[in-house]
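Q: I have a structure here, written as structure tokens, and I will follow up with some questions on it.
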Amino acid sequence: MAERRIPITGHTELITLLATPIRHSMSPAMHNAAFDKLGMDKVYVLFEVGQEGLEDAVKGLKAMGVRGYNLSMPNKTAIIPYLDHLSPVSQLCDAVNTVINDNGVLTGTSTDGEGWVRAVEDKIGSIKDKKIVLLGAGGAAIAILAQAAIDGAKEIAVFNKKDAFWDRAKEKVELINEKTDCHVTLHDIDDKKDLRETIRHSDILTNATSVGMKPHEDSCLVEEDDLHEHLLVMDCVYNPKETLLLKRAKNKGCQVQSGVYMMIYQGAASFKLWTGEDMPVEYVKEQLG
Ligand code: NAD
């Protein structure tokens with residue numbers, strides 16, 4: 001990381017992230033690099049805040065006139081009662097990762113799905129009319145589902161285990177079918193034949209489960225033979241940068257995209273909402289290595 005060139009002054013503005021545990025986050029490196037590159041007198045700092053302290057933290061940040069902040073687990077849904085407005089995507093996915101404070105009026109949105117769409121569109125152009133297989137129905141998956149449906153994907157097949165996420169996934173699939181033109185279906189990920197057949201007829205496969213993440217980087221939900229060379233394979237997992245899924249996809253001749261780009265683009269979307277400026281994404285990519 002380059003050293004900060006802009007000194008902290010009496011005018012320095014704070015942007016923050018409220019979550020716990022969160023010390024591992026790459027967001028400070030990303031946003032501070034961007035502020036510095038653009039000569040903005042702002043600083044991005046993390047605070048370990050969970051649901052118990054959230055209401056007080058929100059009141060405090062509002063009283064201090066802080067322009068905006070991010071939320072991560074466990075606060076993405078818990079923040080909603082404290083906000084004045086919710087974006088269309090947050091209304092569909094019940095999650096907020098970005099708050100914008102306009103003179104005391106707080107608006108929440110989720111940029112995770114937008115980050116995913118932009119990372120995919122870097123590789124294949126528009127997602128409009130595409131058929132997507134989405135592995136997972138947790139926080140990241142539902143944000144992607146909502147944004148991809150709003151942005152004109154044709155069909156999204158959501159595959160998940162019949163675990164604690166299943167009932168909420170059913171509700172969300174119904175809601176998104178009702179509110180958008182996208183055709184969404186929910187499938188059991190343990191039905192490997194159904195998964196293989198659905199992938200065969202799809203344009204994009206994305207993993208939005210935690211499978212493949214360190215320290216379980218030798219795990220993967222699909223076999224190399226399930227893939228085909230016309231598929232774009234995107235993994236939301238960004239640690240490791242090249243997951244086993246992406247390795248299998250490369251071997252099969254698929255286009256691939258790493259979760260690092262989703263992470264950078266969700267940050268860029270939040271950055272634009274707070275500052276009105278485009279994040280210098282290429283510079284940030286270099287800085288994050
Ligand atoms: P979550 O806890 O909300 O959801 C976890 C999901 O994984 C659920 O769908 C669950 O059913 C599934 N799952 C867990 N173990 C499984 C298994 N053994 N087999 C099949 N499915 C299994 O988590 P989340 O916040 O949605 O995050 C999911 C992943 O996405 C994490 O790796 C996270 O780091 C990543 N993520 C990346 C970005 C990014 O910007 N690149 C953003 C958000 C999340």
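Q: Show the residue pairs that are 6+ apart or on different chains and have beta-carbon atoms under 8 Å apart, the first residue being within the range 111-140 and of a type in the set (Ser, Thr, Tyr), the second being assigned to a loop (DSSP other than H, G, I, E, B) and more than 9 Å from the ligand (Cβ to nearest atom).
A: 126/152
Each row is one residue, and each column tells you yes or no for (1) of a type in the set (Lys, Arg); (2) in a loop (DSSP other than H, G, I, E, B).
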residue	(1), (2)
4	yes, yes
11	no, yes
35	no, no
45	no, no
54	no, no
60	no, no
70	no, no
91	no, no
100	no, no
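Q: Return only the number of the condition from (1) within 14 Å of residue 133 (Cα to Cα); (2) more than 14 Å from the ligand (Cβ to nearest atom) that residue 235 does not satisfy.
A: Just one mismatch for residue 235, condition (2).
Q: Could I ask something else about it? Residue 264: at pLDDT 95 or above and more than 10 Å from the ligand (Cβ to nearest atom), yes or no?
A: no
Q: Follow-up question, since we're still on this one. Just checking, how many residues over the range 158-180 are free of Cβ contacts under 8 Å to residues at least 40 places away in the same chain and of a type in the set (A, V, I, L, M)?
A: Qualifying residue count for the region: 4.
Q: Scan the range 170-185 residue by residue and report those that are surrounded by fewer than 17 Cβ atoms within 10 Å (Cβ to Cβ) and not in a helix (DSSP H, G or I).
A: Listed by number, the residues that qualify are 181, 183, 185.
Q: Return only the number of the condition from (1) loosely packed, with under 12 Cβ neighbours inside 10 Å; (2) part of a helix (DSSP H, G or I); (3) touching a strand residue (DSSP E or B) at 6+ places or on another chain (Cβ under 9 Å) that residue 23 does not satisfy.
A: (2)
Q: Return the residue satisfying two criteria in turn: it lies in the range 238-259 and is within 8 Å of the ligand (Cβ to nearest atom) and at pLDDT below 95, and of such residues it is surrounded by the most Cβ atoms within 10 Å (Cβ to Cβ).
A: So in the range 238-259, the residues within 8 Å of the ligand (Cβ to nearest atom) come out as 238-239, 259.
Filter once more, so that each one left must be at pLDDT below 95: 238-239.
Values: 238: 19, 239: 15.
Among residues in the range 238-259 that are within 8 Å of the ligand (Cβ to nearest atom) and at pLDDT below 95, the one surrounded by the most Cβ atoms within 10 Å (Cβ to Cβ) is 238.
Q: Can I ask one more? Go through 137, 141 for me and flag whichever is buried (at least 16 other Cβ atoms within 10 Å of the Cβ), touching a Phe, Trp or Tyr at 6+ places or on another chain (Cβ under 6 Å), under 17 Å from residue 208 (Cβ atoms) and of a type in the set (A, V, I, L, M).
A: Going through 137, 141 in turn, the sole match is 137.
Q: Does the range 187-196 include one or more residues that are more than 17 Å from residue 93 (Cβ to Cβ) and either touching a residue at least 40 places away in the same chain (Cβ under 8 Å) or in contact with a Cys (Cβ under 6 Å, 6 or more places away or on another chain) (or both)?
A: yes
Q: Any idea how many residues of the range 71-110 are more than 21 Å from residue 137 (Cα to Cα) and β-branched (Val, Ile, Thr)?
A: Here the count works out to 4.
Q: Of the residues 119, 137, 141, which single one is closer than 30 Å to residue 191 by Cα, within 16 Å of the ligand (Cβ to nearest atom) and in a loop (DSSP other than H, G, I, E, B)?
A: None of the others qualify; the one that does is 137.
Q: Related question: Can you find even one residue in the range 205-224 that is surrounded by 23 or more Cβ atoms within 10 Å (Cβ to Cβ), more than 13 Å from the ligand (Cβ to nearest atom) and either modelled with pLDDT of 95 or more or over 25 Å from residue 128 (Cβ atoms) (or both)?
A: Yes, that holds for at least one residue.
Q: Tell me yes or no: at least one residue of the range 127-134 is within 10 Å of the ligand (Cβ to nearest atom), within 18 Å of residue 259 (Cα to Cα), modelled with pLDDT of 95 or more and within 11 Å of the chain's Cα centre (by Cα).
A: Restricting attention to the range 127-134, the residues satisfying the condition of being within 10 Å of the ligand (Cβ to nearest atom) are 134.
So of that shortlist, the ones also within 18 Å of residue 259 (Cα to Cα) come out as 134.
In the following step, the residues that additionally are modelled with pLDDT of 95 or more were identified as 134.
This time we only want the ones that are within 11 Å of the chain's Cα centre (by Cα), so: none.
Scanning the range 127-134 turns up no residue that is within 10 Å of the ligand (Cβ to nearest atom), within 18 Å of residue 259 (Cα to Cα), modelled with pLDDT of 95 or more and within 11 Å of the chain's Cα centre (by Cα).
The values are calculated or read from the model by the stated rules, or taken from the named source; none is laboratory data. Everything quoted here is computed from the prediction, not taken from an experiment. Neighbour counts are summed over all protein chains in view; Cβ atoms, including those assigned to glycine, are modelled from backbone coordinates with ideal geometry.
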